[in-house]
1. What is the set of long-range amide H partners of Ile277 at a cut-off below 5 Å, with H atoms built 1.01 Å from backbone N?
2. Work out from phi, with θ = phi - 60° and the Karplus expression 6.51 cos²θ - 1.76 cosθ + 1.60, the ³J(HN,Hα) of each residue of the stretch 219-225, listed in order in whole Hz, and give x for Gly and Pro.
3. With the crude spin-label approximation of a point 7 Å out along Cα→Cβ, what separation in nm comes out for Gln170 versus Phe56?
4. Could you tell me what percent of the DSSP beta bridges with both partners in the chain are antiparallel, to the nearest 5?
5. Mind telling me which of Asp155, Asp182, Asp37 comes out most flexible in a GNM of the chain, alpha-carbon contacts under 10 Å?
6. Under a point-charge model restricted to the Cβ atoms of Lys and Arg (+1) and Asp and Glu (-1), what is the dipole moment magnitude of the chain relative to its Cα centre, in debye to the nearest 20?
7. Rounded to whole Å, give me the distance from the Cα center of the stretch 120-167 to that of the stretch 245-274.
8. Any chance you could look up the accessible area of Ser284 with a 1.4 Å probe, heavy atoms only, rounded to 10 Å²?
Amino acid sequence: MQTQFFTAHEIDKAAAILQAGETLAFPTETVYGLGADALNSEAVLKIYAAKSRPRFNPLIVHCASLEQALEQGHFNEMALKLAKRFWPGPLTLVVPLKNKNLSDIALAGLQSVALRVPNHPLALELLRKVNRPIVAPSANPSGFISPTKAFHVHDLNGRIGGILDGGACQVGVESTIVACLDKPVLLRAGGLAREVIEAITGKLEISDELIAPGQLKSHYAPRNPIRLNATSFAKNELVLGFGECEGMSLSRDGNLQEAALNLFAYLRELDSLGQPIAVMPIPSHGLGEAINDRLKRAAT
Ligand code: AMP
Ligand code: MG
C-alpha cells in the first residue's frame with residue numbers, strides 16, 4: 001500500500017481517506033493516533049493489521065464534541081461532570097455502550113466504550129469533517145514507542161493509508177483512562193494528572209496495577225536494554241536524566257510536563273544509538289505517574 005502524506009492544508013484529502021474506510025495517522029495533543037471509521041469493521045481491522053495489535057485490545061473512540069460522545073455511550077453523573085470539565089483534553093472515559101453500530105472489533109466485544117474528545121485543533125477539524133466517531137490507537141507498531149512527531153509514524157509507511165502532519169504533539173503521553181461504569185476507577189495513568197481528576201472525583205479507585213484490558217506489561221519498548229532508577233552509570237550506558245545531569249535530560253528544570261513531552265522522542269533518539277539506556281529516578285507525582293508507568297513497561 002502506498003502511504004499518502006498530507007499537510008494541514010490538505011485536511012480535506014486526509015478526511016477523505018477516513019471516509020473511504022482507510023487508515024490515517026493524525027496528530028492529537030497526546031500522541032499521533034492511527035485513525036479509522038469506528039462504524040466500519042473492515043476499516044478497523046486495518047488498524048489491528050497495520051499495528052500487529054492483539055485483537056482483544058479495545059480501541060478508544062475519538063469524538064469531535066461532547067454531543068457526539070453522548071451518542072456513543074451512557075454517561076452517569078460523574079462521567080458527565082468529568083467530560084464537561086476536561087474535554088477536549090487528555091482524558092478517556094469508559095462508559096456503558098449506547099451506540100450499537102460501533103464496530104464490535106473496535107470494542108473487542110465489550111459492552112462498554114472508551115471515549116475521548118482530543119484537544120488538538122487539527123484533530124478536531126478532521127473529526128468534524130469526517131463527521132463520524134473515529135477509533136485511534138497510537139500510530140506505532142504494537143509494543144513499540146509511541147509517536148509524538150509525524151516522522152515517527154514512518155515506522156508504518158506502506159501499511160497505512162495516509163499521514164496528516166500537524167507538527168509535534170503538546171502532551172507527549174497517552175490519555176489518562178477513567179472508567180465510569182459504577183464508581184470512577186483509574187485504569188491508566190496518562191496526560192491528565194490523577195490529582196487534577198481527584199479534585200473532582202475524590203480519591204480514585206485504582207484497577208489492578210492500573211491494568212485496563214489489553215494493556216500489555218511490556219510496551220513502549222526500545223530495541224536496546226533499558227534500566228530504571230539508575231543513580232550510577234556504566235561507561236557504555238546512555239543516560240536519560242531528569243533535572244540537571246550529564247547526558248540527555250527530560251527536563252533540565254525538573255518540569256514533569258516537559259519531561260512527558262520529551263519522553264518518547266528522547267527514548268527513540270537514544271535507542272537509535274544502539275547502546276543500553278539508563279534512566280534516572282523521576283518523581284511520581286503529577287505527570288510523573290504516567291512517565292513512570294511508561295518507563296516500567298519499556299523496561300519489562
Ligand atoms: P490505546 O492503546 O492508547 O489506544 O488505549 C486503548 C486502551 O484503552 C486499551 O488498551 C484498554 O486498556 C482501554 N480501553 C479501551 N476500551 C475499553 C473498555 N471498554 N473498557 C476498559 N478499557 C478500555
Ligand atoms: Mg499505544
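The values are calculated or read from the model by the stated rules, or taken from the named source; none is laboratory data. Just so it is clear, the structure is predicted and the values come from calculations on it, not from any experiment. When we count neighbours, we look across all protein chains shown, and the Cβ atoms used for this are built from the backbone with ideal geometry, even at glycine. Just so you know, the surface numbers come from the protein's heavy atoms only, side chains and all, with ligands and any DNA or RNA stripped out. Shrake-Rupley method; radii C 1.70, N 1.55, O 1.52, S 1.80 Å.
1. Ile226, Arg227, Leu238
2. 3J(HN,Hα) across the stretch 219-225, in whole Hz: 6, 6, 7, x, 7, 9, x.
3. The two pseudo-label positions are separated by 3.8 nm.
4. 45 percent
5. In the Gaussian network model the winner is Asp182.
6. The calculated dipole for the chain is roughly 460 debye.
7. 22 Å
8. Accessible surface of Ser284 is approximately 90 Å².
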